[in-house]
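The structure appears right after this line, and notes come after that.
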Amino acid sequence: MAAKKKTGAKPAACRTCKGTGEVSVPVRVGRKRRVAGAQTGMCLACLGSGDAPTD
């Protein structure tokens, strides 16, 4: 008899990064702190996995 596969539910996507694992942060330059562009980085809520944190 063959072992059955468990079909678990797919984890929910992270609300902060919407499941991508990356977030963009505006880069500010100059004395008036104007926005010069955006920089992407790892999402700290899900640590780059894209799955919603459990607790």
With every protein chain left in place, what is the accessible area per residue of the stretch 12-52 in square angstrom, probe 1.4 Å?
80
Stretched fully, the stretch from Ala12 through Gln39 gains (0.36 nm per residue minus C-alpha distance, one decimal, in nm) 7.2 nm
Length-normalised contact order of the stretch 6-55 in % [C-alpha pairs under 8 Å, at least 6 apart]:
43
Tell me, what is the 1.4 Å probe accessible area of Cys17, in Å² to the nearest 10?
10
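The values are calculated or read from the model by the stated rules, or taken from the named source; none is laboratory data. None of these values were measured; they are calculated from a predicted model. Keep in mind that these areas ignore ligands, DNA and RNA; they rest on the heavy atoms of the full protein, side chains included. Shrake-Rupley method; radii C 1.70, N 1.55, O 1.52, S 1.80 Å.
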